[in-house]
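The values are calculated or read from the model by the stated rules, or taken from the named source; none is laboratory data. These numbers come from a predicted model, not from an experiment. Cβ: placed from backbone, ideal geometry, glycine included. Neighbour counts: every protein chain shown.
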Amino acid sequence: MPKELLFNDIELQEVLRNEKIHSEFNKEELLSSLKKEIKTNLITQFGLSWYFDAFERGGGVDTLHNARVFDKESDLRKNNSNYESPVSTKLQNIMKNREKYEGEKYHSNNASYNEKRKNFKKRQERGELIDGYSGQKLKDKFDVEHINSSYSMHYSTSEVLAAGGKHKTQEEITQKIADRANSDDNLIATDYRINRAKKQKSVSEYVKWADDKIEKLEDKKKKAIERGESKEKINKIDEEIEKKKLHNKEIMLKAEKEKKKI
């Protein structure tokens, strides 16, 4: 190894140990600059430009783990010009050009979804249909619910990768994901009011949202009573609270947890 590179390495260690420099420089900017400097030294002194050119063209490594990391770091990609993606450029482009979500492809236009609805209806007629989010028997109107929402799956990098997205058209990717979204272990029947309130939220997001709503409504009721509001108005607040309590928190979170194991 050239003495110049060794000398620079010793200097670098001194810089990293210097607390004054730590306090005066932004650590992220410093580390980003150091990475670029090290890359330049390796390219120029060891002739590795072919390797880094190939790496830049190919991006990172496409694994399900890295695809999930890529989704979680969406804000970093927007706000950090030096962000280095863990997935390949090709997969990034596929996600950038992901076709628009169309609910019909995951619901009424999907054979598995329609078949599941028919089966749920037959079970309801026999008095055997249980709400997957409350544990109660479903006697009235229900929806067929995706535990992992079809919307989030549609735009999930790991789902696209698992569907063979690097070698498929956008339409083929969507069909593959729709089949996974409508698998038996991802579909339940639930009170339509729970499903309509949940919308595109994840189970965890919905549970938190409902808890927050209940807390605000109970505070609203307390203040209404203190002001001497009419019984009719207080009853309406009670009705809103009951709607937010249709689900069973423990059952919902358990369903989400079990689905994530798959």
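Scanning the stretch 105-118 turns up no residue that is among the acidic types (Asp, Glu) and under 21 Å from the mean Cα position of the chain (by Cα). The single residue among Ile237, Ile262 that is in contact with a helix residue (DSSP H, G or I) (Cβ under 9 Å, 6 or more places away or on another chain), at pLDDT below 95 and hydrophobic (A, V, I, L, M, F, W, C) turns out to be Ile262.
Can Ile234 be described as in contact with a His (Cβ under 8 Å, 6 or more places away or on another chain) and part of a helix (DSSP H, G or I)? Here the answer is no, as Ile234 does not meet what is asked. Within the stretch 105-156, the residues that satisfy the criterion of being polar (S, T, N, Q) and part of a helix (DSSP H, G or I) are Ser112, Asn114, Asn119, Gln124, Ser150, Ser152. Within the option set Lys96, Lys90, Lys105, Lys121, being surrounded by 13 or more Cβ atoms within 10 Å (Cβ to Cβ) and farther than 29 Å from Leu253 by Cβ holds for one residue only, Lys90. Mind listing just one residue for me: the one in the stretch 144-170 that is surrounded by fewer than 18 Cβ atoms within 10 Å (Cβ to Cβ) and of a type in the set (D, E, K, R) and, of those, farthest from Asp71 (Cα to Cα)? Restricting to residues being surrounded by fewer than 18 Cβ atoms within 10 Å (Cβ to Cβ) and of a type in the set (D, E, K, R), the top hit is Lys168.
Residue by residue, here is whether (1) assigned to a helix (DSSP H, G or I); (2) closer than 30 Å to Lys118 by Cβ; (3) among the aliphatic types (A, V, I, L, M) holds:
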position: Gln200; (1), (2), (3): no, yes, no
position: Trp209; (1), (2), (3): yes, no, no
position: Asp212; (1), (2), (3): yes, no, no
position: Lys223; (1), (2), (3): yes, no, no
position: Glu242; (1), (2), (3): yes, no, no
position: Met252; (1), (2), (3): yes, yes, yes
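Do we have Asp238 as charged (D, E, K, R), in contact with a Leu (Cβ under 9 Å, 6 or more places away or on another chain) and surrounded by fewer than 16 Cβ atoms within 10 Å (Cβ to Cβ) here? Yes; evaluated as a whole, the condition is true for this residue. Looking only at residues of the stretch 56-85 that are modelled with pLDDT under 90 and buried (at least 16 other Cβ atoms within 10 Å of the Cβ), we find that the one that is farthest from the chain's Cα centre (by Cα) is Gly59. Restrict the check to the stretch 184-203 and report whether at least one residue is closer than 26 Å to Thr157 by Cα, without any contact (Cβ under 8 Å) to a residue 40 or more places away in the chain and surrounded by 13 or more Cβ atoms within 10 Å (Cβ to Cβ). No, the stretch 184-203 contains no residue that is closer than 26 Å to Thr157 by Cα, without any contact (Cβ under 8 Å) to a residue 40 or more places away in the chain and surrounded by 13 or more Cβ atoms within 10 Å (Cβ to Cβ).
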